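Before any comments, here is the structure.
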Amino acid sequence: MTTTELDRRRALSLDPDPLGVIGGGMLLGYARVSTREQNLHRQLDALTAAGCGRIWQEKLSGKNVDRPELQDCLAFARPNDVVVVTELWRLGRNFQDLIQIVSGLRQREIGFKSLHEALDTTTPGGRMIFHVFAALGEFIREMIVQGTREGLDAARARGTRLGRPPAMNEEQIQHAKDLLGDPDNTVSSIARLLGVSRATIYKYVPELRSPAVPAGSAPLELPASGAANAAGTADPHVAMPKPPRSAACPSCGYRPESKHELKVHREGLETVWLLPDPTQPAAAVVERWHCERCQPHQARIIMCDQCGAIVMLGNVLAAGEHVPEAAALWLAARGWARRAEHWICGEHE
């Protein structure tokens, strides 16, 4: 059993000390409704009648992960206090969430009481019912996982393609190849015509890819993945840069208005470009993200032969037969390597 699995089961362990007595502290009420149009009067009256010394109120849907009043209530509670709600579903977003919250309270020696269901974890009977709930939740989760795995295996056996659908179908790929036969057509114009990004054209039309540099003729040999440093330990790879989260292009600021154009726009921004560093163009590179409107006209693609991950070299880095030294060092630091005539990214080293 993995550490994660053990931690999850401990989190669902309602009562590590079944003989421990909890209660006698302050009663803390929590009232919630889903919309602002609903009122809390009925819940407040019931919690006040139950003897709650303090009541937290919230108008948020139960689907919200962030419920600040609930978090404040749980943080305020001290050992031997009891958190009180009018109905179980006021507390948890779902069955699993409810079990985890009550389990966490029990481990902190804090009780829980639901007035409508007459559940009280400060009593042996109430704890027994919640133990049954926790076991049922575990059973349901395992059945869902097993059913999902069986469904995926059956789909693979039928030849069903799983995962994200391809950005281009066979007809579009052939159309792109036909258009590339005309020297007047550019990759950018073909990408706009087909409604995809330039990076997608490069990915699905292998003829456009820059050939991998033969190891014997390259001006710089990439270091082997996981090479040892001076101390004799393997240098960890630098993580690949993350694309920008904003919909606006970080280079030119352009942001599409139509939904279709925005999809292509975001797809283009997922690819990192390496450009010469303006301060030392011959010795270093800088990372940039470009939309279709501002991408460098001179481009060279470096693509992983295993997963299709892409790094674009722009401007003078795309010229010449060999990958420039500064770009090669950037790739090597992130785990990229050459295998015969192919590039392999750090995910497969």
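The values are calculated or read from the model by the stated rules, or taken from the named source; none is laboratory data. This one's a predicted model, so the numbers in the text were calculated from it and none came from an experiment. A quick note on method: Cβ atoms are made from the backbone with ideal geometry, for glycine too, and the neighbour counts reach across all protein chains shown.
What to note about this one:
- Checking Ala176, Ala155, Ala134 one by one, the residue that is among the hydrophobic types (A, V, I, L, M, F, W, C), over 30 Å from Trp56 (Cβ atoms), assigned to a helix (DSSP H, G or I) and not assigned by TED's automatic domain parsing to the domain that holds Gly195 is Ala155 and no other.
- Against the numbered list (1) of a type outside the set (Asp, Glu); (2) surrounded by 20 or more Cβ atoms within 10 Å (Cβ to Cβ); (3) not in a strand (DSSP E or B), Ile302 comes up short only at (3).
- Within the stretch 83-115, the set of residues being farther than 13 Å from Arg127 by Cα, out of contact with any Ser or Thr (no Cβ under 6 Å at 6 or more places or on another chain), touching a residue at least 60 places away in the same chain (Cβ under 8 Å) and hydrophobic (A, V, I, L, M, F, W, C) comprises Leu91 only.
Yes or no, residue by residue, for (1) buried (at least 17 other Cβ atoms within 10 Å of the Cβ); (2) out of contact with any Pro (no Cβ under 8 Å at 6 or more places or on another chain); (3) more than 22 Å from Ala49 (Cβ to Cβ):
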| position | (1), (2), (3) |
| --- | --- |
| Asp81 | yes, yes, no |
| Asp97 | no, yes, yes |
| Ala118 | no, yes, no |
| Asp153 | no, yes, yes |
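- Filtered residue count, the stretch 32-69, keeping only those that are within 31 Å of the chain's Cα centre (by Cα), part of a loop (DSSP other than H, G, I, E, B) and either modelled with pLDDT of 90 or more or surrounded by 13 or more Cβ atoms within 10 Å (Cβ to Cβ) (or both): 5
- Every condition in (1) part of a loop (DSSP other than H, G, I, E, B); (2) touching an Asp or Glu at 6+ places or on another chain (Cβ under 8 Å); (3) modelled with pLDDT under 80; (4) not hydrophobic (A, V, I, L, M, F, W, C) is met by His116 except one, and the failing one is (3).
- Within the stretch 26-41, residues that are in the same structural domain as Leu91 (by TED's automatic domain parsing) reach partners that are modelled with pLDDT under 80 and in a loop (DSSP other than H, G, I, E, B) with beta carbons closer than 8 Å, at six or more positions or on different chains, in the pairs Arg32/Gly62; Ser34/Ser61; Ser34/Gly62; Thr35/Ser61.
- Qualifying residue in the stretch 82-105 (condition: more than 16 Å from Tyr30 (Cβ to Cβ) and over 28 Å from the mean Cα position of the chain (by Cα)): no
- The lone exception for Pro281 - which of (1) modelled with pLDDT of 85 or more; (2) surrounded by fewer than 20 Cβ atoms within 10 Å (Cβ to Cβ); (3) of a type outside the set (Gly, Ala, Ser); (4) over 20 Å from Tyr202 (Cα atoms) it fails: (1)
- Residues of the stretch 98-117 satisfying the condition of being over 13 Å from Gln71 (Cα atoms) and not hydrophobic (A, V, I, L, M, F, W, C): Gln100, Ser103, Arg106, Gln107, Arg108, Glu109, Gly111, Lys113, Ser114, His116, Glu117
- Test: Ala167 is part of a loop (DSSP other than H, G, I, E, B) and modelled with pLDDT under 75: no
- Within the stretch 11-30, the set of residues being at pLDDT 80 or above and more than 12 Å from Leu115 (Cα to Cα) comprises Gly25, Met26, Leu27, Leu28.
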